[in-house]
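The values are calculated or read from the model by the stated rules, or taken from the named source; none is laboratory data. None of the values given here were measured: they were computed from a predicted structure. Every residue, glycine among them, receives a Cβ derived from its backbone with ideal geometry; neighbour counts consider all protein chains shown. For the accessible areas, the whole protein counts, side chains as well, though only heavy atoms, and no ligand, DNA or RNA atoms are used. Shrake-Rupley method; radii C 1.70, N 1.55, O 1.52, S 1.80 Å.
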Amino acid sequence: MFKIRSLKRPIRLDNDEGPPRFIFKEALAKVRCVIYRGDEVECPCCGRTFSLFLYSPYMATLCPNCLSIERYRLLCRYLDDETDFGKREMRVLDIAPMWSFQEFCRRHPKVDYLSIDIASPLAMRHMDIRALDLPDEHFDCVICYHVLEHIDEEMKALSELRRVLKPDGWAIIQVPIHVPRTIERDELTEAQAARILKFPDHLRAYGPEYIELLRAAGFAVEVVRFGREFDESELKRFGLDVTEDLYISRRG
């Protein structure tokens, strides 16, 4: 049964049997699907084809339907092509959800999906990643995409993700990696922070040693350069981020 939870934006209908629905988002998506109908590009998140991806100064390109961005289209393609995601019954925890990934999970009826965030109206439950109100060893899959750069106690957050992951589960824990070494905001001048961190809510920029942080938190990590497996025409059709290596983490 659906019930209206709030008249604040975005208007949300809670579904006791799955992720909430956002009626205005869905209505606008249907309009965009008509405007941009075609077969030049294809979104791995929602499975639809269009004449083009939309341009956004912040995220570069958006799916006209589900508003996915490049790194989420890469993630969804990886999950479909390379894992058993949705092919068996599984519990999935999504940290700081994006609507596009929520709708991707909705397409997989065997996925028992839960999204959490400290405040986002998109999240099914509100809680702090550093103190998850969730049972030990509960989830088969944890998705944490570009969240840790916002967290002041990253190791505590990673410890919580490991705690709620099943012993045979796996997590994909991503951060933006774009500097030679990890650097904290308090090491930078205001001008340096604006140039290097780019966003005011980023507390640090990560370097290639990020993998050692995951290992120190107790994860065994495999770095998958999935985007590099596609040729130029495929990258253009699916709108993938070739620079986003995937950090597949399991309990060590």
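So the values come out like this:
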read-out	value
Residue-normalised accessible area of the chain, expressed per residue, 1.4 Å probe, Å²	50 Å²
Environment charge of Ala29, counting only residues whose C-beta is closer than 11 Å and scoring Lys/Arg +1, Asp/Glu -1	+2
Compactness relative to 2.2 N^0.38 Å, alpha carbon Rg of the chain	1.01
For the chain: relative contact order, % (alpha-carbon pairs under 8 angstrom, 6 or more apart)	15 percent
Charge dipole of the chain about the Cα centre (unit charges at C-beta), most positive-ward option of Pro180, Trp170, Leu75	Leu75
Values of log10 I(q)/I(0), in the order q = 0.17, 0.30 Å⁻¹, for the range 207-252 under a Debye, Cα-only, solvent-free model	-0.56, -1.01
Sparse-neighbour loop sites [trypsin sites (Lys or Arg not before Pro); the range 149-199; at most 10 other C-beta within 10 Å; DSSP]	Arg181
Accessible surface of the chain, 1.4 Å probe, proportion on carbon and sulfur as whole %	53 percent
Relative packing of peptides 121-133, 38-50 - highest average C-beta neighbours within 10 Å first	38-50, 121-133
Antiparallel DSSP beta bridges within the chain, as percent of all bridges there, nearest 5	55 percent
Partners for Lys87 among aspartates and glutamates (Cα-Cα distance below 18 Å; same-chain residues under 8 apart left out)	Glu103, Asp112, Asp140, Asp168
Ordering of 140-147, 213-220 by burial proxy (mean other Cβ atoms within 10 Å per residue, highest first)	140-147, 213-220
Distance histogram for the range 90-160 (every C-alpha pair counted, 10 angstrom bins, percent rounded to whole numbers)	19, 56, 23, 1
